[in-house]
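The values are calculated or read from the model by the stated rules, or taken from the named source; none is laboratory data. Treat the numbers as computed from the prediction; the structure is a model and nothing was measured. Every residue, glycine as well, gets a Cβ built from its backbone with ideal geometry; the counts of neighbours run over all protein chains shown.
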């Protein structure tokens, strides 16, 4: 008897649900709900809206097929459309308040057509100025929560129709997955730019309670100049060209901490800031840049090829490679640095027609700078140097400073080093000096009155001195110098 009772109850429930589904799919959704939804959407958006069909499935939830929102004042040009929108629905009744849970919202094959019509004006700008719905400040009896949003195989067409910059870009496909839970917001998305084989990928998580963000960013073949005209504000710089070849970074953020780790490469950069122009190809590897409680630190390998810097007073060009082992700026007056710099093919044009050409190789094994003091250890090499001081004054040679130890305070500066200048060629009006100079353990002291003291042996071999009155060749060896 009990068994038959449960069979009857089960069949009754199945019959009821079947009848409810039939009613919803044949009468309620395709006529009443569809009509109300279209009318409300058109009144709110001020645009024509079409929905092909609505139906309900106990597994997939509510399904909307072929929804379209047209451009303003148009019945043919589409602003937004989607092949299918489906959402799961769980209704939890309560005594005074109810809860509506949407475990997921799936948007399949959406398309958006964005048109930049004028400065700060888009084909959707009027939607941003729509009045907020009126509220009577009473809490809604139904609380709505969403578990996740998925965008599958989307497409965006960007168009700029301003006469001075007619341009278009297609983003296709676009796949985005957003998860909402008590643990925070997770996201995973990727966008392809087929015109340039470009690619954007972003995934990570955000925790609203701690305001912390962890994400990874990948970019390939992106031209930022294509999008600058779309920005709503004017930048304090001019970027004429530049291509992001690849970016592969990890980004971490918290209220008291921010960090970027990874690699990136940007070529053909042409940037102007306040009458200063920079052209370069930048490649960064193994970067580790952090800001902890407003204290920045930097590690990594930074390369700048085909570089040219032009200012109103000087210009510098060359290839520069910096290996930063340790850089921490506790304050602008407290800096620690360890690393090396290799600068090749350097050409510097200085004021008053002075110039420098050569190759620079520097290594700082220990460096500490404060407001009143400096301590430094390292090496410096300048090879193939050619310095022009004026029409009749120039210098050539290779300079090497090894075992540099330098300290500075308010009263004086002291430095010791092994110095060598090979093949120096100094030309002054009516005078020529050539030779090689060696000074091991050379000590230099500079006091606050700019008085210089030298101490140590100096040797000049293969010396050749030519003046208008005389010629001199030979060797000079000076020991126990105190000057």
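For every residue, the table says whether it meets (1) within 33 Å of the chain's Cα centre (by Cα); (2) buried (at least 17 other Cβ atoms within 10 Å of the Cβ); (3) without any contact (Cβ under 8 Å) to a residue 12 or more places away in the chain.
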site	(1), (2), (3)
312	yes, no, no
315	yes, no, no
321	yes, no, no
330	yes, no, no
343	yes, yes, no
353	no, no, no
364	yes, yes, no
372	no, no, no
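Only one residue in 472, 446 is part of a strand (DSSP E or B), closer than 30 Å to residue 374 by Cα and at pLDDT below 90, so which one is that?
Just one listed residue meets the conditions, 446.
Could you list all residues from the stretch 292-305 that are assigned to a strand (DSSP E or B) and surrounded by fewer than 15 Cβ atoms within 10 Å (Cβ to Cβ)? I'd like the intermediate steps shown before the answer.
If we filter the stretch 292-305 for residues that are assigned to a strand (DSSP E or B), which is where we start, we get 292, 295-305.
Matches in the stretch 292-305: 292, 295, 296.
Kindly provide the set of residues from the stretch 59-78 that are under 19 Å from residue 116 (Cα atoms) and touching a helix residue (DSSP H, G or I) at 6+ places or on another chain (Cβ under 9 Å), ordered by number.
Hits for the stretch 59-78 are 69, 72.
So is residue 209 modelled with pLDDT under 95, surrounded by 14 or more Cβ atoms within 10 Å (Cβ to Cβ) and over 13 Å from the mean Cα position of the chain (by Cα) or not?
Working: modelled with pLDDT under 95: yes; surrounded by 14 or more Cβ atoms within 10 Å (Cβ to Cβ): no; over 13 Å from the mean Cα position of the chain (by Cα): yes.
No; evaluated as a whole, the condition is false for this residue.
Every residue, every condition in (1) out of contact with any strand residue (DSSP E or B) (no Cβ under 7 Å at 6 or more places or on another chain); (2) under 24 Å from residue 477 (Cα atoms); (3) part of a strand (DSSP E or B); (4) at pLDDT 90 or above, yes or no:
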| site | (1), (2), (3), (4) |
| --- | --- |
| 413 | no, no, yes, yes |
| 421 | no, yes, yes, yes |
| 424 | no, yes, yes, yes |
| 450 | yes, no, no, no |
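Just wondering, is there one or more residues in the stretch 201-212 that are in contact (Cβ under 8 Å) with a residue 12 or more places away in the chain and touching a helix residue (DSSP H, G or I) at 6+ places or on another chain (Cβ under 7 Å)?
So the first thing to find is which residues in the stretch 201-212 are in contact (Cβ under 8 Å) with a residue 12 or more places away in the chain, and the list is 201-212.
From the residues that got through so far, the ones that are touching a helix residue (DSSP H, G or I) at 6+ places or on another chain (Cβ under 7 Å) too are none.
Checked the stretch 201-212: no residue is in contact (Cβ under 8 Å) with a residue 12 or more places away in the chain and touching a helix residue (DSSP H, G or I) at 6+ places or on another chain (Cβ under 7 Å).
Taking the stretch 78-107 on its own, how many of its residues are modelled with pLDDT of 90 or more and either over 15 Å from residue 58 (Cα atoms) or part of a strand (DSSP E or B) (or both)?
Of the residues in the stretch 78-107, 13 are modelled with pLDDT of 90 or more and either over 15 Å from residue 58 (Cα atoms) or part of a strand (DSSP E or B) (or both).
Kindly indicate whether residue 381 is in a strand (DSSP E or B), surrounded by 15 or more Cβ atoms within 10 Å (Cβ to Cβ) and in contact (Cβ under 8 Å) with a residue 24 or more places away in the chain.
Working: in a strand (DSSP E or B): yes; surrounded by 15 or more Cβ atoms within 10 Å (Cβ to Cβ): yes; in contact (Cβ under 8 Å) with a residue 24 or more places away in the chain: no.
Taking the combined requirement at face value, the residue does not satisfy it.
Would you pick out the residues in the stretch 67-94 that are over 38 Å from the mean Cα position of the chain (by Cα) and under 27 Å from residue 128 (Cα atoms)? Show your work before the answer.
First pass over the stretch 67-94, keeping only residues over 38 Å from the mean Cα position of the chain (by Cα): 73-76, 89-94.
Of everything in the stretch 67-94, those that are over 38 Å from the mean Cα position of the chain (by Cα) and under 27 Å from residue 128 (Cα atoms) turn out to be 73, 74, 75, 76.
If I filter the stretch 275-285 for residues that are farther than 28 Å from residue 328 by Cα and at pLDDT below 95, do I get at least one hit? Give the derivation first.
If we filter the stretch 275-285 for residues that are farther than 28 Å from residue 328 by Cα, which is where we start, we get 275.
Among the residues that remain, those that are also at pLDDT below 95 are: 275.
Within the stretch 275-285, one or more residues are farther than 28 Å from residue 328 by Cα and at pLDDT below 95.
Kindly indicate whether any position in the stretch 464-481 is touching a strand residue (DSSP E or B) at 6+ places or on another chain (Cβ under 6 Å), free of Cβ contacts under 8 Å to residues at least 60 places away in the same chain, crowded, with 16+ Cβ neighbours inside 10 Å and at negative phi. Show your work before the answer.
So in the stretch 464-481, the residues touching a strand residue (DSSP E or B) at 6+ places or on another chain (Cβ under 6 Å) come out as 464-467, 472-479, 481.
Still in the list and also free of Cβ contacts under 8 Å to residues at least 60 places away in the same chain: 464-467, 472-479, 481.
Those left that are additionally crowded, with 16+ Cβ neighbours inside 10 Å: 465.
Next cut, at negative phi only: 465.
Yes - at least one qualifying residue is present in the stretch 464-481.
Answer yes or no as to whether residue 371 is under 23 Å from residue 448 (Cβ atoms) and modelled with pLDDT of 95 or more. Step through it out loud before you land on a result.
Values: under 23 Å from residue 448 (Cβ atoms): yes; modelled with pLDDT of 95 or more: no.
Criteria not met by residue 371.
Quick check: is even one residue across the stretch 135-149 closer than 28 Å to residue 48 by Cβ, modelled with pLDDT of 90 or more, surrounded by 13 or more Cβ atoms within 10 Å (Cβ to Cβ) and more than 25 Å from the chain's Cα centre (by Cα)?
Yes.
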